[in-house]
Amino acid sequence: MIRITEQQYNDSLSIDTLDRQESFNPQELNLLTYSGPKTTRGDIPSGKLGNMAGGFYFNLFGVKWYGTEHLYLCGEWSEEGEKCIEIQEYIRKMRSGVYAKRCSKSKFKSQIRKDFTSFRYQWMLWCVWQKCLLNKDFADLLRSMPNNQIIVEVVENDTVWAAYPDENGIIRGGNAMGKILTICKRCLENGIQPTIDTKLLNSVGIYILGNKIEF
C-alpha cells in the first residue's frame with residue numbers, strides 16, 4: 001500500500017499503476033470523490049463521472065450502448081460463439097448499468113471468461129475512452145473537472161476500482177476508475193490517445209456481438 005502525495009500521483013499516473021493499491025489522506029490532499037450518480041462536491045457533479053451514471057449514450061459496433069458499464073460487462077463474456085452474443089445482447093438492452101451488472105452476474109456468473117482478470121484494466125480503459133470519443137457531453141464533463149483534484153471513487157468493499165476510508169479516515173484501495181478517468185481527461189486535454197496495452201487486448205481475443213475487435 002503506497003501513501004500517495006499529490007506530486008507523486010500526478011507524476012506517476014499511467015496504465016502501469018492501475019492495479020497499484022494506494023492510500024489517500026483527505027486532510028493532506030485535494031480529493032474529488034464520488035460514490036454514486038447523484039454525488040456532488042459543491043457545484044461539481046462528480047457522480048456523473050461514474051459508470052453507473054445515466055444519460056451518456058454512445059453508438060459503437062453499429063448499436064446503441066446505454067453506458068460504459070454495459071460495454072465493460074460484455075467483456076466478461078467476450079469469447080467467440082452464439083452464447084456470448086446472447087449474453088451481450090441481454091446486457092446491452094438493459095437501460096440501467098446497476099441492473100445490467102446485478103442481473104448478468106446472477107444469471108451467467110459461471111460462464112465468465114476464466115482469463116478476464118488478466119485484461120480487465122486495459123479493457124476498462126478502452127471502454128471509458130470510447131465513451132469519451134463518442135459522447136461529447138461526457139468528454140466535456142470530464143474536461144471540466146478541476147485539474148488540481150485527485151478523482152477517487154469511494155465504494156465500500158471494492159479495492160480494485162474504488163477505495164474506502166478506514167477507521168482513521170484514510171482512503172485506501174486501488175481506485176482504478178479514478179486513475180482511468182484522470183488518464184482520459186489528460187488525453188482529451190492534450191489531444192492524444194491513452195497508451196492502452198493493445199498487444200494484450202489483441203492477444204486474448206475479444207468478441208463483441210460476434211465480431212472480433214482489432215485494437
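Here is a list: 58, 24. Which entry is modelled with pLDDT of 95 or more, touching a strand residue (DSSP E or B) at 6+ places or on another chain (Cβ under 8 Å) and not small (Gly, Ala, Ser)?
Exactly one residue qualifies, and that residue is 58.
So, of the residues in the stretch 182-215 that are of a type in the set (A, V, I, L, M, F, W, C), closer than 26 Å to residue 152 by Cβ and assigned to a loop (DSSP other than H, G, I, E, B), which turns out to be least open to solvent (accessible area, probe 1.4 Å)?
196
May I ask you to list pairs of residues, at least six apart or on different chains, whose Cβ atoms are under 9 Å apart, with the first in the stretch 13-29 being closer than 13 Å to residue 165 by Cα and of a type in the set (D, E, K, R) and the second being modelled with pLDDT under 95 and open to solvent by 30 Å² or more (accessible area, probe 1.4 Å)?
Matching pairs, first to second residue: 22/1; 22/2; 22/3.
Does the stretch 52-83 hold any residues that are over 25 Å from residue 115 (Cβ atoms) and polar (S, T, N, Q), and which are they?
59
Which one is farthest from residue 96 (Cα to Cα), of the residues in the stretch 30-50 that are in a loop (DSSP other than H, G, I, E, B), open to solvent by 20 Å² or more (accessible area, probe 1.4 Å) and in contact (Cβ under 8 Å) with a residue 40 or more places away in the chain?
Step by step, filter the stretch 30-50, then rank; the result is 30.
With of a type outside the set (S, T, N, Q) and in contact with a Lys or Arg (Cβ under 8 Å, 6 or more places away or on another chain) as the only criterion, which of 81, 54, 62 stands out?
So the residue among 81, 54, 62 that is of a type outside the set (S, T, N, Q) and in contact with a Lys or Arg (Cβ under 8 Å, 6 or more places away or on another chain) is 54.
If you scan the stretch 85-132, which residues turn out to be in contact (Cβ under 8 Å) with a residue 12 or more places away in the chain, under 16 Å from residue 57 (Cβ atoms) and open to solvent by 70 Å² or more (accessible area, probe 1.4 Å)?
95, the sole residue that qualifies.
The values are calculated or read from the model by the stated rules, or taken from the named source; none is laboratory data. Small disclaimer: the values here were computed from a predicted structure and weren't measured. Cβ coordinates were reconstructed from backbone atoms using ideal geometry, including for glycine residues, and neighbour counts include every protein chain displayed. Side chains included, ligands, DNA and RNA excluded: accessible areas come from the protein's heavy atoms. Shrake-Rupley method; radii C 1.70, N 1.55, O 1.52, S 1.80 Å.
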